[in-house]
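**Student:** Quick one: structure below, then a few questions.
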Amino acid sequence: MTNLTHPARHLLDNLDGFRIEIDEAQQRADIVLDRPPLNVVSMPQRDQLRCAFEALDAHDAVRVIVLRAAGEHFSSGGDIKGFLEASPETVSKLAWNIAAPARCGKPVIAAGRGYCFGVGFEISLACDFRIATETTRYALPEQKLGQIPGSGGSARLQKMVGITRTKDIVMRSRRITGQQAVDWGIATECVADADLEKTTDALVAELVQFAPLAQRTAKKLLNDTEDATLATAIELEGHAYSRLRSSEDFREGVTAFHAKRKPAFKGV
């Protein structure tokens, strides 16, 4: 943890309910939810998770970030009592913290088995890739508490699956399986429970082979044009393409292609 920097570095000194593992050889960082048995996410933990993503985004040795959990469940959701104790101003900012994976320029993978409820589902939706297993159950159960999802869950879900399926999940507090999440376009892949780590490792290994600048550009472009018209999206894509045209990584990619060798990307 000592090699992470952040303007609010003090928030990372005593992590609440999770840990950070950095493997520089694999160019990978893992944020591991670790509050057994259900990995309930506390109110202070939300701000710490935001800082962790921001610090890892600035870490030069990290190319891919994995959000995963210890134990049989990704997370059963947030600390219910904490919502009543928090001020309305604090609660209104919950979505900003949980959106940290989306703002992060690097690829973020959410790998989860078992319960993935409430804020656990919402932060997964803010990631770029979601790997589920045969035991995964996604849900936004806030209606059972007389509430609605408050960390971006219903909004992100509606963008992915449309209003009809989102109402089915949100208004009925319905649980959906990992395979159904894949079928609906929520999850990237559903694997056997025993294969979650292996599948995650393989995706990390694949992603780190690409040019860092191109990956960051692709992620930002896709996020920024999600609500854009087709004409606007094509225009922005063209500008992003032209900027990458002058990058050293693009020149290296073209050179390596013609030389029939593996490119050595440097992120510039």
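Since every read-out is calculated from the coordinates, none of them should be taken as a lab result. Fair warning: this is a prediction, and the values are worked out from it, not measured in the lab. Cβ coordinates were reconstructed from backbone atoms using ideal geometry, including for glycine residues, and neighbour counts include every protein chain displayed.
**Student:** Per residue of segment 103-115, in order, report the coupling 6.51 cos²θ - 1.76 cosθ + 1.60 (Karplus, θ = phi - 60°) as ³J(HN,Hα) in whole Hz, putting x for Gly and Pro.
**Tutor:** With the stated coefficients, segment 103-115 comes to 6, 4, x, 8, x, 10, 10, 9, 10, x, 10, x, 5 Hz.
**Student:** Considering amide H positions built from the backbone, and no H for Pro or chain starts, which residues 5 or more places from Leu67, or on another chain, come under 5 Å of its amide H?
**Tutor:** Correct list: Ile31, Ile109, Ala110, Ala111.
**Student:** Right, next: Relative to the Cα centre, what is the charge dipole magnitude of segment 212-259, using +1 at the beta carbon of each Lys and Arg, -1 at the beta carbon of each Asp and Glu, and rounding to the nearest 20 debye?
**Tutor:** Details: 6 positive and 8 negative charges, 35 e Å.
Dipole magnitude for segment 212-259 comes out near 160 debye.
**Student:** Moving on. Please find, in a Gaussian network model of the chain (springs between Cα atoms separated by less than 10 Å), the residue of Ile234, Ile80, Ile22 whose mean-square fluctuation is greatest.
**Tutor:** Evaluated over the chain, the most mobile residue of the options is Ile234.
**Student:** Considering only the other residues whose Cβ falls under 13 Å of the Cβ of Phe121, what net charge follows from Lys and Arg at +1 and Asp and Glu at -1?
**Tutor:** Values: positive: Arg130, Arg137, Arg156, Arg174, Arg175; negative: Glu122, Glu142.
That works out to +3.
**Student:** Next question, about the same structure. Roughly how big is the chain's charge dipole about its Cα centre, with Cβ charges of +1 (Lys, Arg) and -1 (Asp, Glu), in debye to the nearest 20?
**Tutor:** Values: 34 positive and 35 negative charges, 89 e Å.
Once rounded to the nearest 20, the dipole reads 420 debye.
**Student:** In a Gaussian network model over the chain where Cα atoms closer than 10 Å are linked, find which of Arg103, Arg19, Arg165 has the largest mean-square fluctuation.
**Tutor:** Top of the fluctuation ranking is Arg165.
**Student:** Where is the GNM fluctuation largest for the chain (alpha-carbon springs, 10 angstrom cutoff): Phe117, Phe83, Phe129?
**Tutor:** Its mean-square fluctuation being the largest, the pick is Phe83.
**Student:** With unit charges on the beta carbons (Lys and Arg positive, Asp and Glu negative) and the dipole taken about the Cα centre of the chain, which residue among Thr136, Phe250, Ile176 sits farthest to the positive side?
**Tutor:** The residue sitting most towards the positive pole is Phe250.
**Student:** What nm distance separates the two modelled labels at Trp96 and Phe83, each placed 7 Å from Cα along Cα→Cβ?
**Tutor:** Using points 7 Å along Cα→Cβ, the separation is 2.1 nm.
**Student:** Hey, another quick one. What number, rounded to the nearest 500 deg cm²/dmol, is the helix-based mean residue ellipticity at 222 nm of the chain, given -39500 (n - 2.57) per DSSP H run of at least four residues and division by all its residues?
**Tutor:** Details: 12 runs with 119 residues, N = 268.
Taken over the chain, the calculation gives -13000 deg cm²/dmol.
**Student:** Using r as the Cβ-Cβ distance of Met160 and Ala233, and R0 as 22 Å, what FRET efficiency do you calculate, to the nearest 0.05?
**Tutor:** Details: r = 17 Å, r/R0 = 0.78.
Taking R0 as 22 Å, the efficiency between Met160 and Ala233 is 0.80.
**Student:** Using 27 Å as the Cα-Cα cut-off, could you pick out the over-long pairs in Lys159/Lys220; Lys159/Lys266; Lys81/Lys106? Before the final figure, lay out the partial values.
**Tutor:** On the way: Lys159/Lys220 16 Å; Lys159/Lys266 34 Å; Lys81/Lys106 33 Å.
Correct reply: Lys159/Lys266; Lys81/Lys106.
**Student:** In what order do Met171, Met43 fall by count of nearby beta-carbon atoms within 10 Å, going from fewest to most? The partial results should precede the final answer.
**Tutor:** Working: Met171 12, Met43 18.
Least to most surrounded, the residues fall as Met171, Met43.
**Student:** What does the charge add up to near Arg174, with Lys and Arg as +1, Asp and Glu as -1, over the other residues with Cβ less than 14 Å from its Cβ? Don't skip to the end; give the middle numbers.
**Tutor:** On the way: positive: Arg137, Lys144, Arg165, Lys167, Arg172, Arg175; negative: Glu142, Asp168.
Neighbour charge sum, excluding Arg174 itself: +4.
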